[in-house]
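Novice: First the structure, which I've put down as structure tokens, then a few questions once you've had a look.
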Amino acid sequence: MESRYQRYYRENKVSVLKRTREYYLKNKVSVLKRIREYHLKHHQYKPSKPTRWGIKKANERRVYNQLYRQEIIKKLGGKCVRCGIDDIRVLQVDHINGGGNKEKRNFTNNQIRKMIMNDNGSKYQLLCANCNWIKRNEKKEYPWH
């Protein structure tokens, strides 16, 4: 059973949204201030993009990710299994039997990193970008299948 407020909203949705938008545009500063106060009170506030307060953290995260990537590449042999190129800029972690897209949907990046580090060479390999796309085309490993 819907309340009278829900019924009013359903019947007058266009005008309600128009008034809401007008109020927001007129009082944008105070609305954003209230939202920020709410988040500071109820959540540990983490800006989604690096701000002038979060640049140091973003740089630390970038360095951490680069070090972790270098460690994974070293663990998997440091060169492409097909052509032997060892340029770290073009090397990619590949799933030997496919299924990387499914894995990305079901696990977080940290979980995937741990699985790669604990792998004994049966599930993951290093390929350069070209060899990875060639393999993907040959074995018909498309994300929509």
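One line per residue, one yes/no per condition, for (1) at pLDDT 85 or above; (2) within 18 Å of I73 (Cα to Cα); (3) outside the structural domain of G77 (by TED's automatic domain parsing); (4) surrounded by 10 or more Cβ atoms within 10 Å (Cβ to Cβ):
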site	(1), (2), (3), (4)
Q92	yes, yes, no, yes
I96	yes, yes, no, yes
R105	no, no, no, no
N110	no, yes, no, no
M115	yes, yes, no, yes
Y124	yes, yes, no, yes
N130	yes, yes, no, yes
W144	no, no, yes, no
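Novice: In the stretch 1-49, which residues are among the aliphatic types (A, V, I, L, M) and at pLDDT 90 or above?
Specialist: The initial filter retains those residues of the stretch 1-49 that are among the aliphatic types (A, V, I, L, M), namely 1, 14, 16-17, 25, 29, 31-32, 35, 40.
The answer is V14, V16, L17, L25, V29, V31, L32.
Novice: Only one of (1) basic (K, R); (2) at pLDDT below 85; (3) not in a loop (DSSP other than H, G, I, E, B) is not met by R52, so which one is it?
Specialist: If we test R52 against (1) basic (K, R); (2) at pLDDT below 85; (3) not in a loop (DSSP other than H, G, I, E, B), just (3) comes out false.
So that you can scan it fast, the table gives a plain yes or no per residue for (1) in contact with a strand residue (DSSP E or B) (Cβ under 8 Å, 6 or more places away or on another chain); (2) among the hydrophobic types (A, V, I, L, M, F, W, C):
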residue: A58; (1), (2): no, yes
residue: R61; (1), (2): no, no
residue: Q66; (1), (2): no, no
residue: K74; (1), (2): no, no
residue: G77; (1), (2): yes, no
residue: C83; (1), (2): yes, yes
residue: D87; (1), (2): yes, no
residue: V93; (1), (2): yes, yes
residue: G99; (1), (2): no, no
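Novice: May I ask you to list the residues in the stretch 25-46 that are more than 27 Å from the chain's Cα centre (by Cα) and closer than 30 Å to K57 by Cβ?
Specialist: Just the residues of the stretch 25-46 that are more than 27 Å from the chain's Cα centre (by Cα), to begin with: 25-31, 33-34.
Listed by number, the residues that qualify are K28, V29, S30, V31, K33, R34.
Novice: Which ones in the stretch 20-33 are assigned to a helix (DSSP H, G or I) and surrounded by 11 or more Cβ atoms within 10 Å (Cβ to Cβ)?
Specialist: Correct list: Y23, Y24, V31, L32, K33.
The values are calculated or read from the model by the stated rules, or taken from the named source; none is laboratory data. All values derive from a computational prediction rather than experimental measurement. Here Cβ is always computed from backbone atoms with ideal geometry, including for glycine, and neighbour counts include all displayed protein chains.
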